[in-house]
Amino acid sequence: MEELRIDCTHQSEADLKLAKEQAQLLFRLNHTMPMTEEYDDLLHRLFPDMGVGSRVNTPLTVVRAHRVKIGCRVSIMNGCLMMAAGGITIDDDTQIAANVQLISNNHDLENRQIIVCKPVHICQRAWIGAGATILPGVTIGENSVVGAGSVVTHDVEPNTIVAGNPACVIRRI
């Protein structure tokens, strides 16, 4: 898996402009009446790569939304945090409960102005329980379940239930 490193002190004007635009879109989305045309328009502007039948509830926190891909029929409940510099892919028919954190980047230990990024991938029909945290570089396998409050530090195989901090295999489905 390729690691991306971003120096936060040396971002291009285009990167800074995009960050500002996305922050303002996110603010508007978080302050717009849900289930309206305006809400849907803002949501699709923030996530242009979002599939049909997907729903994202506010409040939402997302950094680098252009690095998030959301499949079809995905449900993301209130309070989700997406740190997406490393890329976040959420495949079709996935359920993400309230207050889930999807973290694809972290700070370098020696130079905290550098963020180290690895993609997060949530595969088809996965279910992420309330308050779970998925860390950089993790893939949640197809049809898997992550228990509420879990911290996932390693890949989860398909058809597996994990829970705990750090998340451990509970059983196979």
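A few notes on this one:
- For I161, net neighbour charge (Lys/Arg +1, Asp/Glu -1) across residues whose Cβ lies under 9 Å away: +2
- Projecting the Cα atoms of T61, L25, T36 onto the charge dipole of the stretch 12-85 (Cβ charges, centred on the Cα centre) puts T61 farthest toward the positive pole.
- Environment charge at S144 (Cβ cut-off 12 Å; Lys +1, Arg +1, Asp -1, Glu -1): -1
- Environment charge of R112, counting only residues whose C-beta is closer than 13 Å and scoring Lys/Arg +1, Asp/Glu -1: -2
- Per residue value of the accessible surface for the stretch 68-173 (all protein chains in place, 1.4 Å probe), Å²: 44
- Correct option for volume of the Cα convex hull per residue in Å³ [calculated from the coordinates] among [x] 136; [y] 114; [z] 105: [z]
- Amide hydrogen proximity for V68: with H placed 1.01 Å from N in the peptide plane, the residues at 5 or more positions away or on another chain lying under 5 Å are I88.
- The stretch 1-144 - percent of accessible surface contributed by carbon and sulfur, probe 1.4 Å: 53
- The largest accessible area among R171, R55 belongs to the first residue in R171, R55, and the rest follow in falling order (1.4 Å probe, all chains).
- Measuring only protein heavy atoms, the 1.4 Å probe finds V169 accessible over about 90 Å².
The values are calculated or read from the model by the stated rules, or taken from the named source; none is laboratory data. All values derive from a computational prediction rather than experimental measurement. FYI the Cβ positions are ideal-geometry reconstructions off the backbone, even for glycines, and counts take in every protein chain you see. What goes into the accessible areas is simple: the full protein's heavy atoms, side chains included, and nothing from ligands, DNA or RNA. Shrake-Rupley method; radii C 1.70, N 1.55, O 1.52, S 1.80 Å.
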